[in-house]
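Note sheet for the following structure.
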Amino acid sequence: MKLEDISTNFMGVKECKNYLREVGVLRTFSKCIYCGSKQIGYIRREKVKCYICKMEWAQRKDSILENQNLSDLSFILLLKCYQLGLSVETTNFETSVSSKIIKKYFKYFRNSLVLYYFGEDLKPQDSVNLSLSQSGEKITFTDKEILPIEPSMKIDIIQTKSIKGEYLYKYETQITGSSTKYITELQRFWRSRKQYFETFTGFGVADMFYYLLELVVRYNEEDQDFIDILTDSLGGSKYPALEKENGG
Ligand SMILES: [Zn+2]
């Protein structure tokens, strides 16, 4: 049995909508966005209606799902699959959502998550410096040069081309610092994650950069914290909206 089949039995249309509002992916409207009246209602065709000025708007307005065809349930399934770190192929099997759409959402999840976690002014680079927080528990990212005595790991993302002209990625790491305990922690991070990085296929150094930082977030945050951070990052409308889909 697929994840999709199980979920359909447990989550109806209304439960899905409520969940997405609860976690802040969808906005909760308490008054009319046109006239400010509080006499509004959630009506059919996924709309909200104002009973004073008679205007209507989509329940998905100002959210990542605005103008998207994906159902609420499928979106929740994609969130779950992404949280579990499932591949595009497995997610396609579990949800019946097309690989193309899954890739689009996973990329959006990743970029939102990373920018939310590490700061919105973050710019993709081909060289990433990681160090440990003061407490030594969390890995932090810095775009500044780190002093040689500070425990840190530098990862260079190197883009090459195969004979067929496909882009390939490899990396070089360099761990420095004088504290053995911290160095061991950084080594542990990379040992447990590099296999994911090696199998990830991005379409440019920027993709690889975001993926690498996603691995850091996953290393730092437990499952529940991870999904909370992810949904929080998707809640705002700070990021460029997904392209409008036909018929959406
Ligand atoms: Zn109104």
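The values are calculated or read from the model by the stated rules, or taken from the named source; none is laboratory data. Quantities reported herein were computed from a predicted structural model and do not represent experimental measurements. With ideal geometry, Cβ positions are generated from the backbone for all residues, glycine too; neighbour counts draw on all protein chains shown.
What to note about this one:
- Subset of segment 1-11 [surrounded by 13 or more Cβ atoms within 10 Å (Cβ to Cβ), outside any loop (DSSP other than H, G, I, E, B) and not polar (S, T, N, Q)]: L3, E4
- When residues of segment 15-44 are limited to those that are within 13 Å of K61 (Cβ to Cβ) and among the charged types (D, E, K, R), the one surrounded by the most Cβ atoms within 10 Å (Cβ to Cβ): R27
- Scanning segment 48-71 for residues that are basic (K, R) and surrounded by 16 or more Cβ atoms within 10 Å (Cβ to Cβ) returns K49, R60, K61.
- For segment 230-241, the set of residues classified as surrounded by fewer than 17 Cβ atoms within 10 Å (Cβ to Cβ) and either modelled with pLDDT of 90 or more or of a type outside the set (F, W, Y) (or both) consists of D232, G236, S237, K238, P240, A241, listed by residue number.
- Filtering segment 211-226 to residues that are closer than 13 Å to L113 by Cβ and either aliphatic (A, V, I, L, M) or not in a helix (DSSP H, G or I) (or both) leaves L212, L213, L215, V216, V217, E221.
- The set of residues in segment 133-154 that are more than 17 Å from V114 (Cα to Cα), surrounded by 13 or more Cβ atoms within 10 Å (Cβ to Cβ) and either among the acidic types (D, E) or at pLDDT 75 or above (or both) comprises E150, P151, S152, M153, K154.
- Count of segment 88-102 residues, restricted to those that are in a loop (DSSP other than H, G, I, E, B), surrounded by 14 or more Cβ atoms within 10 Å (Cβ to Cβ) and either within 17 Å of the chain's Cα centre (by Cα) or without any contact (Cβ under 8 Å) to a residue 12 or more places away in the chain (or both), is 0.
- When K61, K14, K49 are screened for being farther than 20 Å from D228 by Cβ, more than 13 Å from the ligand (Cβ to nearest atom) and outside any loop (DSSP other than H, G, I, E, B), only K14 passes.
- Test: residue in segment 56-64 that is at pLDDT 90 or above and more than 28 Å from the chain's Cα centre (by Cα): yes
- Pairs, first farther than 15 Å from E66 by Cβ and without any contact (Cβ under 8 Å) to a residue 24 or more places away in the chain in segment 26-46, second near the ligand (Cβ under 8 Å from one of its atoms) and outside any loop (DSSP other than H, G, I, E, B), C-beta under 6 Å, six or more apart: C32/I40; C32/C50; S37/C50; I40/C50
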